[in-house]
Amino acid sequence: MAIEILQTGKLHTSCETALAERYTVHKLHEQSDPDAWLAANGERIRAHAGSAVKADLMARLPNLEIIAGFGVGYDNIDTKAAKQRNIRVTNTPNVLSDAVAELTVGLMIALARRIPQGDQFVRRGKWPAGDMGLFSELTGKTVGILGLGRIGKEIASRCQAMKMRVVYTGRKRQPSEPHVFYDSLTQMARDSDWLVIIAPGGKSTDGIVSREVLEALGPEGMLVNVARGTLIDEGAMLELLQNGGLGGAALDVFVGEPTVPSAFFALDNVVLSPHQGSATHQTRDAMGALLVANLEAHFAGEPLISAVV
Ligand code: NAP
Ligand code: 8YV
């Protein structure tokens, strides 16, 4: 009998194709009455493919065995509820690290050199009236990385290629890493020209980049967030960007994304990106393949490839 699995949102096309070849896939987001559909069919579902799974959805799926997440971050999956029900959870680590690191360095250069603003300057015909001005560069600067994990390390090596000095913070020092470790995020921000945030979302990091940290980074300091919007005190960041208390910010993630506070749009010292860290064809294909490989391993009774629960 075919294994029945549930999607609650659209997934990358190659992933959806691979799932449909192997399983009977139900798409809750395409049902006219999702609630009635779950009541009638929920007990047949053995797997969920994709992220954003809360305890109330799990409760509607009494025979759910596994949640295969599409993404390395799993802050939108209730892993505590999953553990209590013995539901396995997988994510898609490593395969996206290069793409996210590439975007990070791209955002850094874009912010330092005001590349999006320069494009607008030319397109709007402002150049003939005079040059745009001078900005800063990465060369010789210190970058502090919050979260020297899989992606953080890829960012670090690319920053070194840009002739930057790398320092980092996290919950613990990593003895095998050559970079200077700070046990205080505020102190690291004070000593850094750039602060790059790439630690997981969730309760343990909520608001960790506080007003105090942002003020320590200071009027010349540049902030990059490619992690989750929840790590930063977004209101304080906006205020400091507006009043010159913070030099600039390049942001790929936001607290209420895809809605972004319109106050950001008026700021010249900001580069905005719509959560594009892993958004390349090759990386999304690889993420989808890993999601499917985890499901296949589970239903074959083999060890999961990338389990978080
Ligand atoms: P990872 O390998 O687990 O690295 C996470 C790092 O964060 C580790 O170095 C860890 O170090 C540190 N960390 C964890 N909890 C912390 C805490 N409470 N306080 C301070 N540091 C903490 O994860 P990854 O694969 O690099 O991914 C990191 C995150 O990037 C994901 O969780 C996701 O939210 C985000 N992401 C964003 C995009 C995007 O499109 N923008 C794409 C992919 C991933 P310690 O254990 O020493 O604390
Ligand atoms: C998204 C990400 O998951 O992997 C993560 O944690 O933030 C991204 O790769 C991806 O955009 C799928 O929604």
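Per-structure values
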quantity: Pair list, Cβ < 7 Å and 6+ apart or interchain, from region 248-262 residues that are in the same structural domain as Leu111 (by TED's automatic domain parsing) and within 16 Å of ligand 2 (Cβ to nearest atom) to residues that are open to solvent by less than 40 Å² (accessible area, probe 1.4 Å) and of a type in the set (S, T, N, Q); calculated: Leu251/Asn225; Leu251/Ser273; Asp252/Asn225; Asp252/Ser273; Val253/Asn225
quantity: Check on Asn86, outside the structural domain of Arg228 (by TED's automatic domain parsing) and loosely packed, with under 15 Cβ neighbours inside 10 Å; calculated: yes
quantity: Extreme residue, most open to solvent (accessible area, probe 1.4 Å), among residues of region 32-58 that are without any contact (Cβ under 8 Å) to a residue 12 or more places away in the chain and of a type outside the set (S, T, N, Q); calculated: Asp56
quantity: Considering residues of region 17-31 that are among the charged types (D, E, K, R) and in contact (Cβ under 8 Å) with a residue 12 or more places away in the chain only, the residue least open to solvent (accessible area, probe 1.4 Å); calculated: Lys27
quantity: Identity of the residue in region 71-113, assigned to a loop (DSSP other than H, G, I, E, B) and in contact with a strand residue (DSSP E or B) (Cβ under 8 Å, 6 or more places away or on another chain), that ends up farthest from ligand 2 (Cβ to nearest atom); calculated: Ile87
quantity: Scan of region 97-113 for residues that are farther than 13 Å from Met222 by Cα and open to solvent by less than 80 Å² (accessible area, probe 1.4 Å), ordered by number; calculated: Ser97, Asp98, Ala99, Val100, Ala101, Leu103, Gly106
quantity: Any pair with Cβ under 7 angstrom, 6 or more apart, that starts in region 98-111 at a residue that is within 14 Å of ligand 1 (Cβ to nearest atom) and ends at one that is of a type in the set (Asp, Glu); calculated: Asp98/Glu154; Ala101/Glu154; Leu103/Asp252; Leu107/Asp252
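The values are calculated or read from the model by the stated rules, or taken from the named source; none is laboratory data. Every value quoted in this text rests on a predicted model; they were computed, and no experiment measured them. Cβ sites come from the backbone with ideal geometry, for glycine too, and all protein chains shown count toward neighbours. For the accessible areas, the whole protein counts, side chains as well, though only heavy atoms, and no ligand, DNA or RNA atoms are used. Shrake-Rupley method; radii C 1.70, N 1.55, O 1.52, S 1.80 Å.
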